[in-house]
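Let me begin by presenting the structure, written as C-alpha cells, before commenting on it.
The values are calculated or read from the model by the stated rules, or taken from the named source; none is laboratory data. Owing to the predicted nature of the structure, the values given are computational and were not obtained by experimental measurement. So basically every Cβ, Gly included, is an ideal-geometry build from the backbone, and we count neighbours across all protein chains shown. The area values use the complete protein model at the heavy-atom level, side chains included, leaving out ligands, DNA and RNA. Shrake-Rupley method; radii C 1.70, N 1.55, O 1.52, S 1.80 Å.
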Amino acid sequence: FPEDISLSALLELLLIEHRHKICATLAAKVRFIDFALKLGLEKDPLVRWFFPMLDLQGHEAVLTKVKAIARLPEEVLDFCEEKKFSMRQCAQLTRYPRDLLLRVFSWRDRLSMTASVVEEMLSHLHDHMRGTGQDLSELLDDREVLGLLASSLHPHEKTEQFRALIRERRYPILTDTNRKLQRIRDQLSLPRNATLTWDPTLERREVQLVLKFQESSEWEETLQALKDEKIAQGIHRLLEVL
C-alpha cells in the first residue's frame, strides 16, 4: 500500500477481507470497532461509514453501547461471541460489576453455564447484593457455596442445585413459603392420577388439581378418593399459606 494510505481505507480493506468473521456476531463487531478506535479512527467516519457496513445503526448512542461492551472482561466477550449474544444481551452484561462478572464466569469449568443460566445468576446475585448490602465475598465465600462448587456432582446436577441456592438467597421468604407448601402437599394421599400444583411465584392465590384418566371406571374411584377429609384439610391449609 502507498505510505499515505488513510487509516479508514486500511480498516475498510480489513473489513472486506474478513467480513464473514467480523460480522458473524455482535461481539466480533465490537472487537473490530474497539480495534479501530485504539488505532485512532475518528468517531464521525466510524459511525457514519463503518457502522452501516457492520449492519449497525449509525447513531452515537450505539457507539456508547459498543464502548461499554468493549470494556467487558475478555472471557465475558468470548462467551458473548460463542453464544452469539445480541446487542441487548451484551449491553445487559455491562450493568453488572466487573468482580461479579469475573466470579460468575470463573465457574464455567464446574457448572453448565448456558446463556440463560448466566443471565439468571447475574441477575439474582446482583439484586441480592443491592438489596442486602452484602459484598460479593460475603455472599459467596461461605461453606455452603464453596462446598457445592467443589462437590463431585455431575455439572448439570451441580448447576441445578447452585441455581436453587442462589434463588433461595435472593428470595428467602418465597423459597421458605414454597417449601411449606411442598410439605403440605407431600402429606396428602392424592390418587396417583391426580397432580396438585400452584404458582411458585405466589402471585396468584390458587391451587390447580389436574386429573388424568385412561379408563372411564377411574372416574368414580378418583371421586371417592378425593372425598378423603385429609385432602380437604390439606387443600384448606395450602390456601391459607398462599
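Scanning segment 40-52 for residues that are out of contact with any helix residue (DSSP H, G or I) (no Cβ under 6 Å at 6 or more places or on another chain), open to solvent by 20 Å² or more (accessible area, probe 1.4 Å) and of a type outside the set (Gly, Ala, Ser) turns up Glu42, Lys43, Asp44, Arg48, Trp49, Pro52.
Scanning segment 228-242 for residues that are farther than 15 Å from Leu188 by Cα and either assigned to a strand (DSSP E or B) or open to solvent by 90 Å² or more (accessible area, probe 1.4 Å) (or both) yields a total of 1. Just the residues that are at pLDDT 80 or above, surrounded by 10 or more Cβ atoms within 10 Å (Cβ to Cβ) and not in a helix (DSSP H, G or I), please, taken from segment 201-227. Answer for segment 201-227, where residues must be at pLDDT 80 or above, surrounded by 10 or more Cβ atoms within 10 Å (Cβ to Cβ) and not in a helix (DSSP H, G or I): Arg204, Arg205, Glu206, Val207, Gln208, Leu209, Leu211, Lys212, Phe213.
Within segment 89-100, the set of residues being over 13 Å from the mean Cα position of the chain (by Cα), assigned to a helix (DSSP H, G or I) and closer than 21 Å to Leu56 by Cα comprises Ala91 only. Before we move on, is Arg95 at pLDDT below 85 and closer than 26 Å to Lys67 by Cβ? For Arg95, the condition - at pLDDT below 85 and closer than 26 Å to Lys67 by Cβ - is not met. Applying the criterion of being of a type in the set (Gly, Ala, Ser) and closer than 18 Å to Arg170 by Cα to the residues of segment 121-156, the residue that is surrounded by the most Cβ atoms within 10 Å (Cβ to Cβ) is Ser123. Looking only at segment 72-82, decide whether some residue is open to solvent by 40 Å² or more (accessible area, probe 1.4 Å), touching a residue at least 12 places away in the same chain (Cβ under 8 Å) and not in a helix (DSSP H, G or I). Checked against the condition, which is being open to solvent by 40 Å² or more (accessible area, probe 1.4 Å), touching a residue at least 12 places away in the same chain (Cβ under 8 Å) and not in a helix (DSSP H, G or I), segment 72-82 yields no hits at all.
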